[in-house]
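Peer 1: Sharing a structure here in structure tokens format.
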Amino acid sequence: MTYLEFEKPLAEIEGKAEELRALARKTPGMDVDKEASALDKKAADMLRELYKGLTPWRKCQVARHPDRPHCKDYIEALFTDFTPLAGDRNFADDHAVMGGLARLSDRPVVVIGHEKGHDTRTRIERNFGMARPEGYRKAIRLMDMADRFNLPVITLVDTPGAYPGKGAEERGQAEAIARSTEKCLELGVPLVSVVIGEGGSGGAVAFATANRVAMLEHSVYSVISPEGCASILWKDSDKMREAAEALRLTAQDLLKLGVIDRIIPEPLGGAQRGREDTIAAVGREIEALLRQFDGKDRATLKAERRRKFLKMGAQGLAA
Amino acid sequence: MNWISNYVRPKINSLFSRREMPENLWTKCPECGTMLFHRELSDNLNVCTSCDHHLPISPRDRFATFFDGGIYTEVPVPEPLADPLAFRDQKKYPDRLRSAQKATAEKEAMLVAEGEIGRTPIVAACQDFGFMAGSMGMYVGNAIIAAAERAVERRRPLVLFSAAGGARMQEGILSLMQMPRTTVAVQMLREAGLPYIVVLTHPTTGGVTASYAMLGDVQIAEPNALICFAGPRVIEQTIREKLPEGFQRAEYLLDHGMLDRVTHRQKLREEIIIILRMLLRMPPPVAADLPAPKPVHHEPVAPASAETTPEAPAPAEAAPEAPQTPEPK
């Protein structure tokens, strides 16, 4: 278990309980049940307290938690017959974006998502979930295929943002993102998107211009990272707490703004403390959202999606 | 100090300073350092007369020489919700907006107009880098949608001049949502079979590049314009190496297949007329048919008084280093 900076006091208590139990195992006849469970209770209370009102900056930290389930975990657990399809037919295959054909409760779909990786090797391989133009172009190709064969598209968003690299820029990062957003808006099939961790700026929009967007309770979705915003507007990147506050990047604020449609609750202490439950909840939500489009024709699906985005911004947050 | 410098010099000084002499009569070219007289500069469409560097130009100045005879009518833009997030950094967002309005005498960062160029009816939209770095918020989104709707309604092509540091952070996620919104606007034009020409001007970065500014039927850029998603400084920090000369400039993008053309500001109008008339299957423009546009000289907008010096623009998601602060006009 990796503890976040604000979970330090919790780590201490849980550590103590663990130590006590280890000691009891080594010393036969020693009874620590009472003390240990008292510590457990204290830890549980503290966890509840910590996660009751997470500040926006803490939510960012939870959303980036390395133990949170990532795209690959969801695909493996929720889908059957997943067949990854690779490449943009142009330049390369981007490992920051995974996608392919799969079945969700027997229903064939196309699933696409950002994958961050779970250890040093896979993180480097996946480029920390930061896609290059090839990733967006692969997504465009897969969405196109879904559209031709009338398969719903499911996107899982989890990216710090598009990769700011030399080659990525030379090969048209901006154009690739623009075309991917455009493709989302052209689809005659349902497009359902779930922000499972970080929804980083244009890199997220390129996948999340969907008929329905759901967010996990502690995920974030923003025009810029709090650190980036702080360094531009506060001229001090240490002001990320203030920036996170001002940007209104939490699922709760975005629901009020009408930018997203659903919030999927996370287990107490975040998705990282109940990975299976989180994955199952996301699966149920995707199926429920997809059912809303049963029987709708292609023109309606497209028109509704466009209308939804044209209307956006009509409601603000009362200060 | 003698009596002459105490007495005569102040007299001489006051003689000059009493006349209305705003200090912005001269502009220094940021590229070659030449001092350019304002008349000479505006006659040359704000292009340096000695090194051809393209300085920023306000939407109104651009339209005055772009439309036939400088005649155009503004297309109204629906007013968005003011300050939807109640955003506050070191300053309140409404205060930042107000000082940008004072400094530019414009309401927001985009101007939409209709008129004719070379007797070809068009709708044009122009982004104002001088207004909070041209950043794209809900107003800019509404402006592009209004421009597309007007173009579809009147069956006219749309010419869009982009210039922006990126999305307007003060509108948070709603500025990000302008990427899909403006993309819908482009799709309206496409479905109506109307040409959409984008002129990318210095600088066009971030979410603006990654939406409507890259979706034109024809993509033209002004020389040496910075055009990118992530700005050079962000990239240098990421890859920890120096970027090549001219990286992310218009000519570099042209070489990498990202643009159709790089065109000097003086030739833009003529080129757009020729392209549009072909795309619209209209007869070629006849030179004699085209009244030479009479440059309309606006008196320079009163310079911002000392206490309202236009603040440095605070733009941009991905490209915070949006180049130089715009010169107060």
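The values are calculated or read from the model by the stated rules, or taken from the named source; none is laboratory data. The structure displayed is predicted, hence computed values, not measured ones. Please note: Cβ atoms are built from the backbone with ideal geometry, for glycine as well, and neighbour counts cover all protein chains shown. The area values use the complete protein model at the heavy-atom level, side chains included, leaving out ligands, DNA and RNA. Shrake-Rupley method; radii C 1.70, N 1.55, O 1.52, S 1.80 Å.
Peer 1: In chain A, with Lys and Arg counted as +1 and Asp and Glu as -1 at Cβ, which of these residues, A:Gly313, A:Leu78, A:Val220, has the Cα nearest the positive end of the dipole, that is, farthest along it?
Peer 2: It is A:Gly313.
Peer 1: Taking only the alpha-carbon positions of the stretch A:253-319 and ignoring solvent, what does the Debye formula give for the base-10 log of I(q)/I(0) at q = 0.12 Å⁻¹?
Peer 2: Reported log10 I(q)/I(0), two decimals: -0.48.
Peer 1: In the stretch B:163-177, what residues drop by 30 Å² or more in accessible surface going from the chain by itself to the full protein assembly, probe 1.4 Å?
Peer 2: B:Met169, B:Ile173, B:Leu174, B:Leu176, B:Met177
Peer 1: So what J values fall out for the stretch A:305-311 if you push phi through Karplus, 6.51 cos²θ - 1.76 cosθ + 1.60 with θ = phi - 60°, rounded to Hz, Gly and Pro as x?
Peer 2: Using θ = phi - 60°, the values come out as 5, 5, 4, 4, 6, 4, 6 Hz.
Peer 1: Mind listing the phi-derived Karplus ³J(HN,Hα) values for the stretch A:79-85, rounded to whole Hz, using 6.51, -1.76 and 1.60 with θ = phi - 60°, and x for any glycine or proline?
Peer 2: Working through the residues one at a time gives 10, 10, 6, 4, 10, x, 10 Hz.
Peer 1: Return a whole-number percent for the relative contact order of the stretch B:56-280, with Cα pairs under 8 Å and 6 or more residues apart as the contact set.
Peer 2: Result for the stretch B:56-280 is 16 percent.
Peer 1: Could I ask something else about it? Tell me the total accessible area that B and A bury against each other, 1.4 angstrom probe, in square angstrom rounded to 100.
Peer 2: 4300
Peer 1: Can I ask one more? Counting only other residues whose beta carbon sits under 10 Å from that of B:Phe131, what net charge do I get with K and R as +1, D and E as -1?
Peer 2: -2
Peer 1: Please identify every one of the trypsin sites (Lys or Arg not before Pro) in the stretch B:160-235 that sits in a loop by DSSP and has no more than 14 other beta carbons within 10 Å of its own beta carbon.
Peer 2: Listed in order of number, the matching sites amount to none.
Peer 1: Which FRET efficiency value, to the nearest 0.05, is calculated for A:Ala24 and A:Ala92 with the Förster distance at 56 angstrom and r the Cβ-Cβ distance?
Peer 2: Here the calculated transfer efficiency is 0.55.
Peer 1: Amide H to amide H under 5 Å from B:Arg168: which residues, 5+ apart in sequence or cross-chain, H placed 1.01 Å off N in plane?
Peer 2: B:Met136, B:Gly137
Peer 1: Calculate the dipole size of the protein assembly as shown relative to its Cα centre from +1 charges on Lys and Arg beta carbons and -1 charges on Asp and Glu beta carbons; express the result in debye to the nearest 20.
Peer 2: Dipole of the protein assembly as shown, to the nearest 20 debye: 800 debye.
Peer 1: Still on this structure, I have one more. For the stretch A:5-52, place one equal point scatterer on every Cα, skip the solvent, and apply the Debye formula. What is log10 of I(q)/I(0) at q = 0.23 Å⁻¹?
Peer 2: Evaluating at q = 0.23 Å⁻¹ gives log10 I(q)/I(0) of -0.76.
Peer 1: What whole number of Å gives the distance from the Cα centroid of the stretch A:62-103 to the Cα centroid of the stretch B:146-192?
Peer 2: 32
Peer 1: Still on this structure, I have one more. Return the sequence-ordered ³J(HN,Hα) values of the stretch B:64-74 in whole Hz as given by the Karplus equation 6.51 cos²θ - 1.76 cosθ + 1.60 applied to θ = phi - 60°, using x for Gly and Pro.
Peer 2: Each residue of the stretch B:64-74 in turn: 4, 9, 8, 7, 3, x, x, 9, 7, 10, 6 Hz.
Peer 1: Which value, in debye to the nearest 20, gives the size of the charge dipole of the stretch B:56-280 about its Cα centre, when Lys and Arg are +1 and Asp and Glu are -1 at the Cβ?
Peer 2: Computed charge dipole of the stretch B:56-280: roughly 280 debye.
Peer 1: Report, in whole Å, the centroid distance computed from the Cα atoms of the stretch B:25-85 and the stretch A:189-240.
Peer 2: 35
Peer 1: What do the square roots of 5 times the Cα gyration tensor eigenvalues come to for the protein assembly as shown, in whole Å, largest first, as semi-axes of the equivalent ellipsoid?
Peer 2: 49, 31, 21
Peer 1: Between beta-carbons, use under 13 Å as the cut-off and find the net charge around B:Arg155, counting Lys and Arg +1, Asp and Glu -1.
Peer 2: 0
Peer 1: Rounded to the nearest 20 debye, what is the charge dipole size of the stretch B:85-148 about its Cα centre when +1 sits on each Lys and Arg Cβ and -1 on each Asp and Glu Cβ?
Peer 2: That gives the stretch B:85-148 a dipole magnitude of about 340 debye.
Peer 1: Taking only the C-alpha atoms, wrap a convex hull around chain A and report its volume per residue in Å³ as a whole number.
Peer 2: Expressed per residue, the convex hull around the Cα atoms of chain A is 157 Å³.
Peer 1: Compute the distance from the alpha-carbon center of the stretch A:250-274 to that of the stretch A:12-58, in whole Å.
Peer 2: 27
Peer 1: May I ask which residue of A:Ala174, B:Leu81, B:Leu268 lies farthest towards the positive end of the charge dipole of the protein assembly as shown, with charges of +1 (Lys, Arg) and -1 (Asp, Glu) on Cβ and the Cα centre as origin?
Peer 2: About the Cα centre, the residue reaching furthest to the positive side is B:Leu81.
Peer 1: In Å², and per residue, what accessible area does the protein assembly as shown have when probed at 1.4 Å with the other protein chains present?
Peer 2: 43
Peer 1: Return the Cα extents of the stretch B:56-280 along principal axes one, two and three, sorted largest first, each rounded to a whole Å.
Peer 2: The Cα atoms of the stretch B:56-280 stretch 48, 42, 32 Å along the principal axes, largest first.
Peer 1: Tell me which of A:Gly274, A:Ala92, A:Leu290 sits at the most positive position along the dipole axis of the stretch A:61-312, charges placed on C-beta atoms (Lys, Arg +1; Asp, Glu -1).
Peer 2: It is A:Leu290, whose Cα lies furthest towards the positive end.
Peer 1: While we're on this one: Using Cα pairs under 8 angstrom and six or more residues apart, how large is the relative contact order of the stretch A:5-52, in percent?
Peer 2: It rounds to 47 percent for the stretch A:5-52.
Peer 1: Can you give the direction-averaged projected area of the convex hull of the alpha-carbon atoms in the stretch B:166-287, in nm²?
Peer 2: 9.3
Peer 1: On each of the three principal axes of the Cα atoms of the stretch A:32-83, give max minus min coordinate, whole Å, ordered largest first.
Peer 2: Result, largest extent first: 50, 32, 15 Å.
Peer 1: Find the Cα radius of gyration of the stretch A:217-272, compare it with 2.2 N^0.38 Å by division, and give the number to two decimals.
Peer 2: So the Cα radius of gyration is 1.25 times the expected 2.2 N^0.38 Å.
Peer 1: Moving on to the next point. Add +1 for every Lys or Arg and -1 for every Asp or Glu among the other residues with Cβ under 13 Å from the Cβ of A:Arg284, and state the total.
Peer 2: -2
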